[in-house]
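The values are calculated or read from the model by the stated rules, or taken from the named source; none is laboratory data. This structure is a prediction, so every number in the text was calculated from the model and none was measured. Ideal geometry is used to build each Cβ from the backbone, glycine not excepted, and the neighbour counts take in all protein chains shown.
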2 protein chains.
Amino acid sequence: MIEPRTLKGFRDHLPAQALAREGILDVARRVYRSYGFVPIDTPALEYLEILTGKGSEETDKQLYRFKDHGGRDVGMRFDLTVPFARFCAQHIGQLGVPFKRYHMATVWRGENTQRGRYREFMQCDFDTIGTTSALADLETVLVVHDLLSQIGIKSFTIRINDRRVLSGILERLGLVERSSTVLRSLDKLGKTPPAAVAAELESNGIPAAATADLLSLAGLGGEPGGLLAALRGLVGESEGGRAGVAALEGLLAGAEKAGVQAGRIVIDPSIARGLDYYTGLVLESFLDELPTLGSICSGGRYDNLAGLYTKQHLPGVGASLGIDRLLAGLEELGHLQSRETAADVFLVYFDQQHRDDYLRIATALRAGGMAVELASEPKRVGQQLKVAAKKGFPVALVIGSDEFAAGTAQCKHMASQQNVVIDWHGDLRVLVDAVHSQLEAIKAGH
Amino acid sequence: MIEPRTLKGFRDHLPAQALAREGILDVARRVYRSYGFVPIDTPALEYLEILTGKGSEETDKQLYRFKDHGGRDVGMRFDLTVPFARFCAQHIGQLGVPFKRYHMATVWRGENTQRGRYREFMQCDFDTIGTTSALADLETVLVVHDLLSQIGIKSFTIRINDRRVLSGILERLGLVERSSTVLRSLDKLGKTPPAAVAAELESNGIPAAATADLLSLAGLGGEPGGLLAALRGLVGESEGGRAGVAALEGLLAGAEKAGVQAGRIVIDPSIARGLDYYTGLVLESFLDELPTLGSICSGGRYDNLAGLYTKQHLPGVGASLGIDRLLAGLEELGHLQSRETAADVFLVYFDQQHRDDYLRIATALRAGGMAVELASEPKRVGQQLKVAAKKGFPVALVIGSDEFAAGTAQCKHMASQQNVVIDWHGDLRVLVDAVHSQLEAIKAGH
């Protein structure tokens, strides 16, 4: 006999987890579509040369790679950005720009499995390609906002910054050549005490005065007007820096026009997003109740998506929802419904001679838009109700010979254990309407 | 520069294809859930020993296999049944039986790429495990029926048979030992002329009289009563054979109770499903307009799912939707909507000073449940409308300075080129309701 087990760093998704994930994917799909984004898909396997040297040395090392049956060197995708760049180089002529796509798919990285990280996880990316329009930047932030709101997160903050602000400050400080060193250190702000970041900067030869200016970014806050004025001071005469500050100001104003609640989107000048390829807007988003979780949705604007595969210049902006991190966070906060069923009604089956009646009832309820699980085998009522309660059905319907004779049905609310008797006089339409009303009442919290 | 290309046998899904596939997956998810099936997921990679020797010599040969970073022999799943068997052996104690799951995921086979076959494709399986209930068999057929109906296929036929009928006939003919030879030949009926199948059977030493009886199966038809009587004659005294005929009779009766239109489900005694592991019900389903496409949804009942991994006996029944084959068939028949957008409204953006008004309108329409693409950049109206028409938007909304001044909007129906003027007097609620009504009218075919 073969031992049934999953590979180290991989996991099965049981129904409760799979349902929670499907729920979030469903919201993401709806929100992305509501802004005109369209889906694409690319293969899990790519020519190795497409994938290597695109992320970091680390992703190269983590790549699942092998020779296929035809002796080709292939690899499994480690993100959705590199395949998207390859995809655009091949198809953008046909699709036209601007092109707005979403892609929700699995990626693989053979990384260290410490700290609850998995080697297989999903990414949910959306990007607008082929335009430098500020409206595309604004829409990116609005999509992230709608996404987190519609997932049902009560309290979250989207932190935005503009890479040109940081570059402008470095320009004024004469540190443009040291950008990557500085950005790498600044990215640690929020996770590492400012003093440690200062020490790191100074040990890398950044002058103390400059370090003080850079670290002041982390302390900036308060109302947006004052913050923007402070940033204008820090970028001085730098043209890019001024454009960056103006862009942030425009984003906040646009978000307000689009009805975003004040405080949901804030400027955070310390967000650098490390050595990523962003050139304008950068954004991160956090659960206010669990900021240590890290950003659950991050992104920004970049200059050229597919330069390695095509001469066509493709600027873009987008973000990526970290669905596994978000699910872990919601679970930790107890905000995750852990139902093991997606159905509305459990139809108890205990009177074998009424099997055809149960079938007719289940069919009528389904035609009325409800999802119904009819027990596969006649078993004791108590045993069936116990399973229905454990799985999280809103209601169970009990109809035995007595009820059929009387034209009634017992509608049991599984959470409250309340029992409502429905008089349906053998009229299926009456039964369907009554069960529907019970479900609506439960949804409304009655 | 690196040449942007996909691997042989792999393909990108452009928006029109990806949207069509998402549409079918969405219907499948809804139908599976409406019967109480719940989702699960398993890793793309498994220990090699889990995957080898489970399908056929062919699937073993087609397996994508390699050594991972830890030196483990691993393989990419080639179907969803083998991972499900492994999954059940690990988790069924926790989940309990009967267990009804669906799994919609990608699988990989390094097979010959002739005849439009791909090395990466999706499967959409559903199964009920841990029960031998006839109701589970009936539900399987009903799910397939609802699935094909709700996908919008006007004319399809589900062909059912029971392996015990064939076994009963072989028992009466004294050919039980030759089952696999006979089944392999019978499975060619429908694709190969009966005379060729007869010749093959006879060349394998099946007596001519028995061959005549077996081939008579393909000719059986007409109303179900007569067909069932003929099968009863062919199985003679075989107990299993009689049980099989009774099961088919019960399935047809149950489907009628559940409101299935007569003729949608037919008994086809020639369906054998080759050397598969089925032991009771077998089913295939066909597009009536394109029978040569082959079965688009197939399945059946089996005795023991996970015998290689656990001592727990797990009988089950289920089926699998061949979504790629179905999509190819629908495309060939011209039944596939080839929209390149999932949005309802294209909001033309040509008057830069009204950007904030466009934002407010887009936000209001979205809040009203509509999906809206707002153009990223102000461009000529004609150019924007051309793109909107090509992508398949139902309506485009044109509101320029004149319209804003007059409190009107032009709502252009892209298919009919009809232009409806909306008087909204600057009241967003009026505009939202009016656009919603226009979309409803288009959906209703007005």
request  = Look at B:Gly55 and say whether it is in the same structural domain as B:Lys100 (by TED's automatic domain parsing) and part of a loop (DSSP other than H, G, I, E, B).
outcome  = yes
Pairs, first without any contact (Cβ under 8 Å) to a residue 24 or more places away in the chain in the stretch A:419-430, second of a type in the set (Asp, Glu), C-beta under 8 Å, six or more apart = A:Val430/A:Asp423
task = Out of the residues in the stretch B:234-260 that are loosely packed, with under 14 Cβ neighbours inside 10 Å and either of a type in the set (Gly, Ala, Ser) or within 15 Å of B:Ser133 (Cα to Cα) (or both), state the one that is nearest to the other protein chains (Cβ to nearest Cβ).
result = B:Ala253
request  = Among the candidates B:Leu287, B:Leu275, single out the residue that is more than 17 Å from B:Val317 (Cβ to Cβ), of a type in the set (A, V, I, L, M, F, W, C) and either outside the structural domain of B:Ile323 (by TED's automatic domain parsing) or modelled with pLDDT under 95 (or both).
outcome  = B:Leu275
task = Only residues that are at positive phi and exposed (fewer than 15 other Cβ atoms within 10 Å of the Cβ): list them for the stretch A:389-406, please.
result = none
key: Among the candidates B:Val235, B:Val197, B:Val245, B:Val266, residue that is among the hydrophobic types (A, V, I, L, M, F, W, C) and either touching a Gly at 6+ places or on another chain (Cβ under 7 Å) or not assigned by TED's automatic domain parsing to the domain that holds B:Asn161 (or both)   = B:Val235
Whichever residue in the stretch B:353-387 is aliphatic (A, V, I, L, M) and not in a helix (DSSP H, G or I) and, among such residues, is nearest to the other protein chains (Cβ to nearest Cβ) = B:Ala371
task = Return yes when A:Arg232 is within 22 Å of A:Lys154 (Cβ to Cβ), out of contact with any Asp or Glu (no Cβ under 9 Å at 6 or more places or on another chain) and modelled with pLDDT of 90 or more and no when it is not.
result = no
key: Filter result for B:Tyr349 (in the same structural domain as B:Gln438 (by TED's automatic domain parsing) and either within 20 Å of B:Asp162 (Cα to Cα) or in contact with a helix residue (DSSP H, G or I) (Cβ under 7 Å, 6 or more places away or on another chain) (or both))   = yes
task = Looking only at the stretch B:63-77, decide whether some residue is of a type in the set (Asp, Glu), facing chain A (nearest Cβ under 7 Å), in contact (Cβ under 8 Å) with a residue 24 or more places away in the chain and surrounded by fewer than 22 Cβ atoms within 10 Å (Cβ to Cβ).
result = no
So B:Lys54, is it in contact (Cβ under 8 Å) with a residue 60 or more places away in the chain, under 22 Å from B:Glu111 (Cβ atoms), surrounded by fewer than 22 Cβ atoms within 10 Å (Cβ to Cβ) and more than 7 Å from chain A (Cβ to nearest Cβ) = yes
query = Any idea which of (1) aliphatic (A, V, I, L, M); (2) touching a residue at least 24 places away in the same chain (Cβ under 8 Å); (3) closer than 30 Å to B:Glu377 by Cβ is the one B:Leu359 doesn't satisfy?
reply = (2)
task = Looking only at the stretch B:298-305, decide whether some residue is within 14 Å of chain A (Cβ to nearest Cβ), in contact (Cβ under 8 Å) with a residue 40 or more places away in the chain and either more than 20 Å from the chain's Cα centre (by Cα) or part of a loop (DSSP other than H, G, I, E, B) (or both).
result = yes
inquiry  = Of everything in the stretch B:1-51, what is more than 8 Å from chain A (Cβ to nearest Cβ), closer than 30 Å to A:Ala367 by Cβ and assigned to a loop (DSSP other than H, G, I, E, B)? Give them in sequence order.
reply    = B:Phe37
query = Could you list, in sequence order, the residues of the stretch B:404-434 that are in a helix (DSSP H, G or I) and in contact with a Phe, Trp or Tyr (Cβ under 7 Å, 6 or more places away or on another chain)?
reply = B:Val430, B:Leu431, B:Ala434
inquiry  = I need a count of the residues in the stretch B:91-105 that are in contact (Cβ under 8 Å) with a residue 40 or more places away in the chain and within 23 Å of A:Trp108 (Cβ to Cβ).
reply    = 3
request  = Please enumerate the residues belonging to the stretch A:308-330 that are closer than 30 Å to A:Ser295 by Cα, surrounded by fewer than 17 Cβ atoms within 10 Å (Cβ to Cβ) and free of Cβ contacts under 8 Å to residues at least 40 places away in the same chain.
outcome  = A:His313
key: Residue that is surrounded by the fewest Cβ atoms within 10 Å (Cβ to Cβ), among those in the stretch B:101-140 that are more than 7 Å from chain A (Cβ to nearest Cβ), in a loop (DSSP other than H, G, I, E, B) and touching a helix residue (DSSP H, G or I) at 6+ places or on another chain (Cβ under 8 Å)   = B:Gly116
query = Looking at (1) surrounded by 15 or more Cβ atoms within 10 Å (Cβ to Cβ); (2) out of contact with any Leu (no Cβ under 8 Å at 6 or more places or on another chain), can you tell me which one A:Lys412 breaks?
reply = (2)
Pick from the stretch A:78-96, criterion more than 9 Å from chain B (Cβ to nearest Cβ) and either among the acidic types (Asp, Glu) or assigned to a loop (DSSP other than H, G, I, E, B) (or both), ranking: surrounded by the fewest Cβ atoms within 10 Å (Cβ to Cβ) = A:Asp79
Among the residues listed as A:Arg360, A:Arg366, the single one being surrounded by fewer than 19 Cβ atoms within 10 Å (Cβ to Cβ), basic (Lys, Arg) and modelled with pLDDT of 95 or more = A:Arg360
request  = Tell me which residues, restricted to the stretch B:269-288, are surrounded by fewer than 21 Cβ atoms within 10 Å (Cβ to Cβ), over 17 Å from the mean Cα position of the chain (by Cα) and not hydroxyl-bearing (Ser, Thr, Tyr).
outcome  = B:Arg273, B:Gly274, B:Leu275, B:Asp276
request  = Return only the number of the condition from (1) assigned to a loop (DSSP other than H, G, I, E, B); (2) farther than 23 Å from A:Thr132 by Cα that B:Gln438 does not satisfy.
outcome  = (1)
inquiry  = So for the stretch A:321-335 (the condition being within 30 Å of A:Phe78 (Cα to Cα), in a strand (DSSP E or B) and more than 14 Å from chain B (Cβ to nearest Cβ)), does at least one residue qualify?
reply    = yes
